[in-house]
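The values are calculated or read from the model by the stated rules, or taken from the named source; none is laboratory data. Treat the numbers as computed from the prediction; the structure is a model and nothing was measured. Glycine gets a Cβ as well: all are built from the backbone with ideal geometry, and neighbour counts include every protein chain shown.
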Amino acid sequence: FKTIDDLDMDGKVVLTRVDVNVPVEDGRVTDATRIEKIVPTIKAIQARGGIPVLLAHFDRPKGKRVDAMSLKQIVPALEAALGQPVVFADDCIGGPAKRVVAGLKPGDVALLENTRFHEGEEKNDPTFAASIAALGGVYINDAFSAAHRAHGSTEGLARLLPSGAGRLMEAELKALDAALGTPQRPVMAVVGGAKVSTKLDLLMNLVDRVDHLVIGGGMANTFLVAKGIEVGKSLAERDMADTARQILEKADQGGCVIHLPLDIVVAREFRAGAESQVLPADQCPADAMILDAGPATVDALHDAMAGCKTLIWNGPLGAFEIEPFDRATNAAARAAAGLTRDGKLISVAGGGDTVAALNKAGVAGDFTFISTAGGAFLEWMEGKELPGVAALKDARHH
Ligand code: 3PG
């Protein structure tokens, strides 16, 4: 696909799809990471003489105008990140958008209102996409984290205008390719989270592609059940035990080593500071629940990780949001950060919970790459083609 450097944009309005779907409380942005990450793209477009007009969704208004989901709320955070004023248009098509765009000069930046206020966005209606396309001469997609949606502003527009990837999109694709596309081996994947059922496709894809698969969080309990181990009152999907067994068999045949907890941290209550105990993985008391992996598991994980060249991480190893059940996640995160700092490991992580856990452990900055994507990161780890990325690749003929 093309990038900002390949397209002629001098003096042109560059319709730039970004993902600024950030957490907002009482009308204020509480985490501006996604906003900060699009700044290099906006500056690069300006440096090539283009006038960036930003397109984005916010939340899920389902095709209707919902004031609480207006992108106007993110304008102050965007202005702070860019260090310049941002012109806001209170619709992404029609008169308001045309008027704002017509008044722009080189050096300006505009943001158009939530694309999901129109039904045509999620339906990927060609008429809707054409109304947006009419506003500009070039399309840049910088929203990797929305690329799993085949929507008008993520997919449709790439079919209508000369198109290319923004800097963040380029960086995400490069990092993900380094982690799972053409990685340096051995590769380890760490997958945690509550449920096997939501990560089934992901696990099935990973056992074919990685050398070591570490399974943590509530999901690990389901795997213990599959191995005939009692897990007491732990969260576990007993009806997924057969599926878990199939994953174990597939891994075994393909030479992927699966790492399950060797020891566990159990408690009778799920609350901060609850009394807890470390036990061998097959000794969970009937009235207790597994809330974290134990220190022997972390040691084994560290040893295996030290023998790997690439790490891809999605999902915490335990109930990391409540102490003391954050220990395995923190220890594994620190191990990965240390190996990365020493130049021995390429480490890539993604998904909302994962990034929160790495931030909490204070090591996110040491990872080689932290994706801004949640759902898109998962779909990509499942081996699916993301429509927003596919459309950019097809757009070569423009
Ligand atoms: C995200 O926050 O993961 C993206 O912005 C996509 O949002 P969506 O799940 O509402 O499509």
query: For region 365-382, does any single residue satisfy the condition of being out of contact with any strand residue (DSSP E or B) (no Cβ under 9 Å at 6 or more places or on another chain) and on the phi > 0 side of the Ramachandran plot?
result: no
message: Name the single residue that is nearest to Leu168 (Cα to Cα) among those in region 386-398 being in a helix (DSSP H, G or I) and of a type in the set (A, V, I, L, M).
response: Val389
- prompt: Taking region 136-145 on its own, how many of its residues are surrounded by fewer than 24 Cβ atoms within 10 Å (Cβ to Cβ) and either on the phi > 0 side of the Ramachandran plot or touching a helix residue (DSSP H, G or I) at 6+ places or on another chain (Cβ under 8 Å) (or both)?
  reply: 1
Scan of region 301-317 for residues that are in a loop (DSSP other than H, G, I, E, B) and buried (at least 16 other Cβ atoms within 10 Å of the Cβ), ordered by number: Cys308, Gly315, Pro316, Leu317
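To keep it simple, each residue is scored yes or no on (1) in contact with a Cys (Cβ under 8 Å, 6 or more places away or on another chain); (2) in contact (Cβ under 8 Å) with a residue 40 or more places away in the chain; (3) closer than 20 Å to Val20 by Cα.
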position: Ala304; (1), (2), (3): no, yes, no
position: Asp342; (1), (2), (3): no, no, no
position: Gly352; (1), (2), (3): no, no, yes
position: Phe369; (1), (2), (3): no, yes, yes
position: Glu379; (1), (2), (3): no, yes, yes
- prompt: If only one of Leu161, Leu157 is outside any helix (DSSP H, G or I), within 30 Å of Ile4 (Cβ to Cβ) and more than 16 Å from the ligand (Cβ to nearest atom), which one is it?
  reply: Leu161
query: Of all the residues that make up region 21-71, how many are of a type in the set (Asp, Glu) and under 22 Å from Cys92 (Cβ atoms)?
result: 2
- request: Would you mind stating whether Asp287 is closer than 21 Å to Ala331 by Cα, assigned by TED's automatic domain parsing to the domain that holds Lys344, acidic (Asp, Glu) and at pLDDT 95 or above?
  value: no
task: Out of Leu54, Leu15, report the one residue that is within 16 Å of the ligand (Cβ to nearest atom), assigned by TED's automatic domain parsing to the domain that holds Ala133 and within 13 Å of Gly166 (Cβ to Cβ).
output: Leu54
task: Considering only residues that are assigned to a strand (DSSP E or B) and more than 16 Å from the ligand (Cβ to nearest atom), look in region 335-354 and name the one that is farthest from Asp31 (Cα to Cα).
output: Ile346
field: Count - residues of region 373-385 that are surrounded by fewer than 23 Cβ atoms within 10 Å (Cβ to Cβ) and either within 16 Å of the ligand (Cβ to nearest atom) or in a helix (DSSP H, G or I) (or both)
entry: 6
- prompt: Within region 318-327, is even one residue within 16 Å of the ligand (Cβ to nearest atom) and outside any helix (DSSP H, G or I)?
  reply: no
task: Tell me, please, whether a residue that is within 11 Å of the ligand (Cβ to nearest atom), part of a helix (DSSP H, G or I) and not assigned by TED's automatic domain parsing to the domain that holds Leu157 can be found in region 355-372.
output: no
- request: Among the residues of region 87-123, write down those that are in a loop (DSSP other than H, G, I, E, B) and surrounded by fewer than 20 Cβ atoms within 10 Å (Cβ to Cβ).
  value: Asp90, Asp91, Gly103, Leu104, Lys105, Pro106, Gly107, Asp108
query: In the set Val39, Val66, which member is surrounded by fewer than 22 Cβ atoms within 10 Å (Cβ to Cβ), closer than 22 Å to Ile370 by Cβ and without any contact (Cβ under 8 Å) to a residue 60 or more places away in the chain?
result: Val39
Scan of region 276-317 for residues that are aromatic (Phe, Trp, Tyr) and over 28 Å from Asp211 (Cβ atoms), ordered by number: none
task: Kindly indicate whether any position in region 81-98 is acidic (Asp, Glu) and within 15 Å of the ligand (Cβ to nearest atom).
output: no
statement: Over region 125-149, the set of residues over 13 Å from Arg17 (Cβ atoms) and within 16 Å of the ligand (Cβ to nearest atom) is His148
